[in-house]
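Coordinate-derived values only; no laboratory data. Keep in mind the model is a prediction, meaning the values are calculated, not measured. Ideal geometry is used to build each Cβ from the backbone, glycine not excepted, and the neighbour counts take in all protein chains shown.
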Amino acid sequence: MSLLADLFFQFALLFCVAFGGASALLPEMHRVVVLEKHWLDDATFTHLYAIAQAAPGPNGLVVSLIGWEVAGVPGALAASLGMVLPTGIMIYLLMQHWHRFAGARWQQSVQLGVAPLAVGLVFAAAFLIGQAAGFGWGGVLLAGLTAAALLKTKWHPLWLIGLGGVAGLLGWV
Amino acid sequence: MPEAGAQDQPGGGGGDSPAPVTCRQLFLGFSSVGISGFGGVLPFARRMLVEERRWLTAEEFNSLLGLCQFLPGPNVANLSIAVGSRYQGIRGAIAAVTGLFGGPLLIVLLLGLLYDRYGQLPQVQGLLRGVAAVGCGLLFGTALRMGLALQVKRLFLPFTLAVFVAVALLRWPMPIVMVALLALAAGVAYAHLKRKGAP
C-alpha cells in the first residue's frame, strides 16, 4: 500500500511542475524513479520510454508504464491518477475564472517566461534519454537524422519510429 | 474582484450556449483522439474538437489550450478535462479524460506484458534501443523547433541554457529549479512587456 501511495504522490508532485507537458518531465522522472527511488534501472527506463513512444496515446502514458513495471496494474493506476488528478482539479476550478485574468500583464509574463524553461527541459530530456541508453555512434547518428527529418521534412514520426525499430533489430544502434 | 466585461470571454461570442454534448459522446470523442495519436495527440485533439465535432471554435480552442499550457500537467489531459467539464461538469470531465487514456492504457499495458516476457531477448533490446534513439531525436528536434519559435531570444535563451545545465548536467530537483527560474523569467518578461507598453 505504501508503495502505491508513494507512486501516486511522487507523480502528483512531479506533474505540479510539469510545464511543457510530459516530455519536459522526463529528466525529473528519471531522477526520481532511477536515481532516487531505484525503482528501475537505466536500461528499463529507456525501454519503457521507447514502448510508450511506439504506442498510440498521450505522451504521459510512460507514467502508467512505469507504475505498472513498479507495482503491476494497481501501480499503473496510482501513477496515472497522480499524473492527472492535481492539475485536473486545478483546471476544473480555474475554468470558471480564466476569463478574468486571461490577457492580464502578469498572466502574459508567466506565459512568456515559461516558454524558454520548457525548451530547456525538452533539450534536457533528449540529452538524458541518450545518456541513459548509452547510445553508440549508430544511435547518435540515428537520433541526429531523426531530428533533421523532423525539422526539414513532413514525414509522420511513426515512419521514423518504424525505421528506428528496424535499425535497432539489425543491431546498428 | 467585480465582474469583468464579458467581451473577450472565450465561448461568449455569438451568445448561443453550446449545443448539449453527452458524457457518452465526450468519452467516445476523446477515445478516438487517444487511440489515433501517435507521437503526440494534440493535432488529433484539434481536428476532433474544431473540425469534426465542432465542440469548440478555433478561437475557443486556442484560448483553452493557452490555459492548459499555462498550467502544469499533461496538456491534452488538461484540455479534455476543460472541455468535458464545460459540457457536463465533473461527470463530463471524468468521461473525457477516461476516454482519452483508457484505450491507449490498455494497449500500452499489453505491450508492457510482452516486454516483461520477451524483454530480455537481444532482438527486442535492439529494437527498443532503435526506437529510443528515434525518440531521442524527436525530442531534440522538437526542442530546436520550440527554441526557434521563442520570442525575444536574447532575453530568454539564457533561461533555456540555465534550465538545461541545472536539470540535465547538475541533476538538481526540477521543482526547485522551475520555481526559482520561473519567478526570474516571469519578472524579466514583465519588465519587457512594460517597456513595450503592452496592455
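Count neighbours as other Cβ atoms within 10 Å of each site's Cβ, and list the chymotrypsin sites (Phe, Trp or Tyr not before Pro) in the range A:1-63 that are DSSP loop with at most 10 such neighbours.
For chymotrypsin sites (Phe, Trp or Tyr not before Pro) across the range A:1-63 that sit outside H, G, I, E and B with at most 10 neighbouring Cβ atoms in 10 Å, the list is empty.
How large is ³J(HN,Hα), in whole Hz, for each residue of the range A:50-61 in order, when computed from phi with the Karplus curve 6.51 cos²θ - 1.76 cosθ + 1.60 and θ = phi - 60°, using x for Gly and Pro?
5, 4, 5, 5, 7, 8, x, x, x, 4, x, 4
Over chain B, with a Gaussian network built from C-alpha contacts below 10 Å, which listed residue (B:VAL177, B:VAL41, B:VAL83) shows the highest mean-square fluctuation?
Answer for the Gaussian network model of chain B: B:VAL177.
Rounded to whole Hz and in sequence order, give me ³J(HN,Hα) for the range B:22-29 from the Karplus expression 6.51 cos²θ - 1.76 cosθ + 1.60, θ = phi - 60°, writing x for Gly and Pro.
The phi angles translate into 7, 4, 4, 5, 4, 4, 5, x Hz.
Scan around B:GLY37 for amide H atoms under 5 Å from its own, H built in the peptide plane at 1.01 Å from N, and keep only partners 5 or more places away or cross-chain.
Those qualifying (amide H under 5 Å, at least 5 residues apart or on another chain) are A:GLY57.
With label points built 7 Å along Cα→Cβ from the Cα atoms of B:GLU51 and B:TYR118, find their separation and express it in nm.
For B:GLU51 paired with B:TYR118, the spin-label model returns 3.5 nm.
Using only helices, what value at 222 nm comes out for chain B when you add -39,500 (n - 2.57) per DSSP H run of length 4 or more and divide by the total residues, to the nearest 500 deg cm²/dmol?
For chain B, the value works out to -24000 deg cm²/dmol.
222 nm [θ] for chain A, helices only, -39500 (n - 2.57) per DSSP H run of 4+, per residue, to 500?
Result for chain A: -24500 deg cm²/dmol, rounded to the nearest 500.
Assuming R0 = 30 Å, what is the FRET efficiency of A:LEU93 and A:GLU36, from their Cβ-Cβ distance, to the nearest 0.05?
After rounding, the FRET efficiency stands at 0.45.
Among A:ALA18, A:ALA147, A:ALA54, which one shows the biggest mean-square fluctuation in a GNM of chain A, springs joining Cα atoms closer than 10 Å?
Looking only at A:ALA18, A:ALA147, A:ALA54, the largest GNM fluctuation is found for A:ALA147.
How much net charge surrounds B:SER32 when only other residues with a Cβ under 14 Å from its Cβ are counted (Lys, Arg +1; Asp, Glu -1)?
Result for the neighbourhood of B:SER32: +2.
Ordered by residue, what ³J(HN,Hα) values in Hz, to whole numbers, does the range A:24-36 give under the Karplus form 6.51 cos²θ - 1.76 cosθ + 1.60, where θ = phi - 60° and Gly and Pro are x?
Values per residue, Gly and Pro as x: 5, 8, 3, x, 6, 4, 4, 4, 6, 6, 9, 7, 8 Hz.
Around B:CYS68, under 13 Å between beta carbons, what's the net of Lys plus Arg minus Asp minus Glu among the other residues?
+1
Output the 0 to 90 degree angle, nearest 10, between the alpha-carbon long axis of helix A:105-133 and the longest principal axis computed from the alpha carbons of chain A.
30
Highest GNM mean-square fluctuation, chain B, Cα pairs closer than 10 Å: which of B:LEU150, B:LEU67, B:LEU109?
Result for chain B, Cα springs under 10 Å: B:LEU150 fluctuates most.
Considering the Cα positions of chain B, please state its Rg to one decimal place and its Dmax as a whole number of Å.
Final numbers for Rg and Dmax: 20.8, 65 Å.
How would B:CYS136, B:CYS23 line up from fewest to most surrounding beta-carbon atoms within 10 angstrom?
B:CYS23, B:CYS136
Just to confirm a number: summing +1 for Lys and Arg and -1 for Asp and Glu over residues other than A:VAL119 whose beta-carbon lies under 15 angstrom from that of A:VAL119, what do you get?
It works out to a net charge of +3.
Give the average over all directions of the projected area of the C-alpha convex hull of the protein assembly as shown, one decimal, in nm².
Taking the Cα atoms of the protein assembly as shown, their convex hull projects to 18.7 nm² on average.
How much of the pair distance distribution for the range B:150-199 lies past 12 Å, counting alpha-carbon pairs only, in percent?
Roughly 65 percent, rounded to a whole number.
Please report the orientation-averaged projected area of the range A:2-134, defined via the convex hull of its C-alpha atoms, in nm².
8.8
Quick one: grab the alpha carbon gyration tensor of the range B:16-118, order the square roots of its eigenvalues as a ≥ b ≥ c, and give me rounded if a/c is under 1.5, else prolate or oblate depending on whether a/b is larger than b/c.
Judged from the Cα gyration tensor, the range B:16-118 comes out prolate (a/c at least 1.5, a/b above b/c).
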